[in-house]
Amino acid sequence: MTNPGPAARVVIPNHLKGFAAGLGAPGLSWIQQLPGLVEGCASRWSLTVGPAFPGPSISFVAPALDANSSAVVLKIGFPDHETAHEAEALRLLDGDGANLPGRIKPEQALLKPRR
């Protein structure tokens, strides 16, 4: 897995582009910002982010390695009422499936897969 480098190298899956287009202007704005959001999370959490998982999904979800080379999953969802509390819910799982270091936006999560 390699770090995508500049935000322009983040590949947005077609199913996610279709989902965003169906949301109109807000979705299209989000999809344009998504590469930068991925890069921001990668930088903030020292991640090496791989290609997004194939759909269907309404979030950008990709495997990643953290600074310790531990496998994690980066998830960035469209910010709406359905995702507004998702990161906090994952945090309340007390690390069971989720690790959310530092201040993050509610629609962003860093997940540690169960072993």
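The values are calculated or read from the model by the stated rules, or taken from the named source; none is laboratory data. Remember, it's a predicted structure, so these values are computed and weren't measured experimentally. Cβ atoms come from the backbone with ideal geometry, glycine included; neighbour counts cover every protein chain shown.
Here are the numbers for this structure:
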item: Of residues in the range 1-27 being out of contact with any helix residue (DSSP H, G or I) (no Cβ under 8 Å at 6 or more places or on another chain), at pLDDT 90 or above and in a loop (DSSP other than H, G, I, E, B), the one surrounded by the most Cβ atoms within 10 Å (Cβ to Cβ); result: P13
item: All positions within the range 43-100 that are part of a loop (DSSP other than H, G, I, E, B), at pLDDT 85 or above and farther than 24 Å from A20 by Cβ; result: S46, D66, A67, N68, S69, S70
item: Filtered residue count, the range 28-73, keeping only those that are surrounded by 18 or more Cβ atoms within 10 Å (Cβ to Cβ), more than 17 Å from N14 (Cβ to Cβ) and either free of Cβ contacts under 8 Å to residues at least 24 places away in the same chain or in contact with a helix residue (DSSP H, G or I) (Cβ under 6 Å, 6 or more places away or on another chain) (or both); result: 2
